[in-house]
Amino acid sequence: MPERRPEFHSARPRCTARARLLPAAVLITLATGALARTAGAEAGRALGASADSVTRATWTLSNGTRVVAQHIPRGFGISISVGYPGGSDQDPAGRGGLAALLAELEFMSAAGDVPERTRREMTSLRPLGADVHVGECFTLFTEVANRAQFYGVLHQVVTRMRGVQVTPGGVTAALATVRGHYHDQYLGAPDLALYNQMRDRATGLDDAALRQLATVAGLEKLTAKDLAPQVAKAFPSNRAVIAIAGNLDGMDVRAALEHELTGVAGGPPGALPPARRLQPFSLGTTRAGLARPIGGIGIFAPAFTDSTHPAFFLAALIVGAQGNTQWGDPVPPMTSRFQYSVIEDPDLMRLYPPMTLQDRTPEAVAQSFTSTLGRQDNLVVQDDIMEQLRYGVEWLIGGRLNDAVLNHMRTDGLSLILLSTNIAERELRGGEAFWSVYRARAEKVGVPDLVWWLAYMSDPKLEARLVFVPPEATKPAGH
């Protein structure tokens with residue numbers, strides 16, 4: 001993976017490079033077949049003494065805070081993530097972007113002996129990367145340190161958990177950042193707008209609501225006095241989880257956390273707030289700046305806690321892989337044929353079938369899907385391909401890290417951020433008690449199960465269809 005500048009994400013996650021990293025990581029894992037060594041029984045050793053194995057340990061601190069740590073041998077960085085329940089789906093009507101604004105203030109404001117910081121400063125303060133990640137129902141803050149910086153960065157992370165000081169200048173800077181991100185999501189690259197609007201419109205947002213969201217107009221009059229109590233309420237220390245991933249060889253993580261969290265209220269994070277309900281729709285809308293139509297189809301997944309969801313997850317990956325093969329490379333401005341994040345957005349799988357210059361209706365994009373993938377009478381997936389697929393994505397749902405992914409975690413800051421936030425997100429979504437059952441169910445999925453899901457995915461009552469078309473004046477001659 002090429003070296004990248006650190007990125008800091010304060011708006012909803014689907015606008016970010018991090019969101020795009022997940023499908024790439026999935027494709028990378030599919031190409032490898034060697035197992036990384038694991039030694040779960042020896043996890044404690046890896047967190048306080050030398051160890052050459054990938055290990056993970058979970059424990060509860062004396063104050064009640066839940067911690068998950070994963071040791072990556074021979075890595076050069078350590079990623080620290082703090083996660084909280086609550087995200088963009090909890091934004092009040094007319095104040096879209098509020099969760100992102102509160103998160104930006106939590107991450108950038110002064111706290112205790114830690115000074116206020118700016119986006120520009122973060123490039124030098126955290127050269128290995130940092131991330132403010134606001135999902136639909138959780139929010140995560142991540143900072144990556146090298147081994148020499150670890151204890152100092154950990155101190156600063158925990159200091160912010162104790163509370164921050166919101167200032168008028170900080171509000172101005174935070175609002176500018178959030179405004180810029182939402183502009184990029186909805187008024188920038190068409191493929192990002194298509195991705196975002198597919199879910200937004202399925203939750204009931206209309207054109208007027210989307211225009212307000214794109215400009216975060218409902219946030220403009222909020223002051224530091226308004227926002228300070230909301231920041232404290234959104235990120236209470238007694239609902240936080242901490243995930244630490246990286247080279248922990250010789251690090252006494254437990255002792256460091258016990259010391260830093262002395263006097264900090266802790267406890268289990270509790271249940272995540274429910275995501276907004278999705279409703280089917282079929283819509284074509286004009287978008288300026290396009291030279292050709294683009295469109296996508298969203299498939300509503302069964303309930304995440306339903307026993308059938310692991311089968312849907314694997315079926316989605318199979319269909320996505322076949323879409324990539326049969327549809328060929330996406331035509332600009334599209335950059336993907338398939339997007340699905342089982343943890344971040346488990347309710348909606350997205351596909352982007354090819355469209356001709358004449359295709360200007362949502363029915364056309366649905367037909368493109370069903371004519372190539374959605375109505376196959378027989379899905380042929382060899383057993384070894386199924387096993388390779390399971391192995392390739394196992395780490396995403398709490399299983400083994402394979403060698404290809406492990407090598408990226410050792411050398412790439414963004415990949416390490418992806419790992420620690422993935423760990424924190426899993427802990428927020430039920431912890432290992434839930435995910436061990438999920439993995440066991442995924443292991444039992446066979447090809448007949450996948451064939452059944454093809455009919456499920458072709459049901460219009462479970463679809464969100466959205467097409468962006470150029471203005472009439474830009475239609476090609478003769479069309």
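Between rounded, prolate and oblate, where does the chain land on the alpha carbon gyration tensor, with a ≥ b ≥ c its root eigenvalues, rounded for a/c under 1.5, else prolate if a/b exceeds b/c?
oblate
Ranked by Cβ crowding within 10 angstrom, fewest neighbours first, how are TYR352, TYR340 ordered?
Fewest to most other Cβ atoms nearby, the residues stand as TYR340, TYR352.
Which residue, chosen from HIS155, LEU210, ALA440, occupies the Cα position most advanced towards the positive end of the dipole of the chain, where the dipole is computed from +1 (Lys, Arg) and -1 (Asp, Glu) charges on Cβ about the Cα centre?
Farthest along the dipole direction, towards plus: LEU210.
In debye, nearest 20, what is the charge dipole magnitude of the range 345-457 about its Cα centre with +1 on Lys and Arg Cβ and -1 on Asp and Glu Cβ, if you could check?
120
Once you keep just the Cα pairs under 8 angstrom separated by 6 or more residues, what percentage relative contact order results for the chain?
It comes to 25 percent, rounded to a whole number.
Quick check: the angle from helix 168-187's long axis to the longest principal axis of the chain, C-alpha only, nearest 10 degrees?
Tilt of helix 168-187: around 30 degrees.
Give me the net charge for the shell around ALA243: Cβ to Cβ below 11 angstrom, other residues only, Lys and Arg +1, Asp and Glu -1.
+1
Roughly how big is the range 215-294's charge dipole about its Cα centre, with Cβ charges of +1 (Lys, Arg) and -1 (Asp, Glu), in debye to the nearest 20?
Values: 9 positive and 6 negative charges, 145 e Å.
Taking the Cα centre of the range 215-294 as origin, the dipole is about 700 debye.
State whether the range 269-385 is rounded, prolate or oblate according to the following rule on the C-alpha gyration tensor (a ≥ b ≥ c being the square roots of its eigenvalues): a/c under 1.5 gives rounded; otherwise a/b larger than b/c gives prolate, and the remaining case gives oblate.
Because a/c hits 1.5 or more and a/b fails to exceed b/c, the range 269-385 counts as oblate.
Can you put THR421, THR411 in order of Cβ neighbours within 10 angstrom, beginning with the fewest? Walk me through the numbers on the way to the answer.
Values: THR421 26, THR411 14.
With the sparsest Cβ surroundings first, the list reads THR411, THR421.
Under a Cβ-only charge scheme (Lys and Arg +1, Asp and Glu -1), can you give me the dipole magnitude of the range 249-378 about the Cα centre, in debye to the nearest 20?
Computed charge dipole of the range 249-378: roughly 700 debye.
Using amide H atoms built in the peptide plane, which far-off residues or other-chain residues are under 5 Å from GLY96 H to H?
When sequence neighbours closer than 5 places are left aside, the close amide H contacts are GLY218.
Report the Cα centroid-to-centroid distance between the range 396-456 and the range 318-353 in angstrom, as an integer.
Using only Cα atoms to place each centre, the spacing works out to 18 Å.
For the chain, what is the mean residue ellipticity at 222 nm derived from helices alone (per DSSP H run of n ≥ 4: -39500 (n - 2.57); sum divided by total residues; nearest 500 deg cm²/dmol)?
Value at 222 nm, helices only, nearest 500: -12500 deg cm²/dmol.
Stokes-Einstein D for the range 107-178 at 37 °C, 0.692 mPa s, Kirkwood Rh over Cα pairs, in µm²/s? Numbers along the way, then the final one.
Values: Rh = 13.1 Å.
Answer from the Stokes-Einstein relation: 251 µm²/s.
Among THR370, THR285, THR223, THR177, rank each residue by its count of other Cβ atoms within 10 Å, from fewest to most, as a rough exposure measure.
Taking fewest neighbouring Cβ atoms as first place, the list is THR223, THR285, THR370, THR177.
Given 25 °C and 0.890 mPa s, compute D for the range 308-447 with the Stokes-Einstein relation, Rh being the Kirkwood radius over Cα pairs; round to the nearest whole µm²/s.
Rounded to a whole number, D works out at 145 µm²/s.
Which residue, LEU128, LEU348, ILE423, has the largest displacement toward the positive end of the dipole of the chain when charges sit on each Cβ (Lys, Arg +1; Asp, Glu -1)?
LEU128
Using only Cα atoms, figure out Rg for the range 420-474 and give it as a multiple of 2.2 N^0.38 Å.
Values: Rg = 18.9 Å, N = 55, 2.2 N^0.38 = 10.1 Å.
Rg over 2.2 N^0.38 Å, computed on Cα atoms: 1.88.
What does the charge count near ALA208 come to, summing +1 for each Lys or Arg and -1 for each Asp or Glu among other residues with Cβ under 13 Å from its Cβ?
Values: positive: ARG201, ARG211; negative: ASP200, ASP206, ASP207.
Net local charge, ALA208 excluded: -1.
At a Cα cut-off below 18 Å, give the aspartates and glutamates reachable from LYS444, other chains included and same-chain residues fewer than 8 away excluded.
ASP306, ASP383, ASP384, GLU387, GLU394
How big, on average over all directions, is the shadow cast by the Cα convex hull of the range 306-345, in nm²?
3.3
Could you sort the peptides 308-317, 232-241 by per-residue average Cβ neighbour count (10 Å cutoff), highest mean leading? Walk me through the numbers before you get to the answer.
Numbers: 308-317: 21.7, 232-241: 19.6.
So the peptides 308-317, 232-241, ranked by packing, come out 308-317, 232-241.
Quick check: net charge around ALA275, other residues with Cβ under 10 Å of its Cβ, Lys/Arg +1 and Asp/Glu -1?
Values: positive: ARG199, ARG276, ARG277; negative: ASP89, GLU136, ASP345, ASP347.
It works out to a net charge of -1.
For the range 263-329, go through all pairs of different Cα atoms, get the mean of 1/r, take its inverse, and jot down that Kirkwood value in Å.
Final number for the Kirkwood radius of the range 263-329 is 16.6 Å.
Here, each number is a calculation from the coordinates, and none is a lab measurement. If you're wondering where the values come from, they're calculated on a predicted model, not measured in any experiment. Here Cβ is always computed from backbone atoms with ideal geometry, including for glycine, and neighbour counts include all displayed protein chains.
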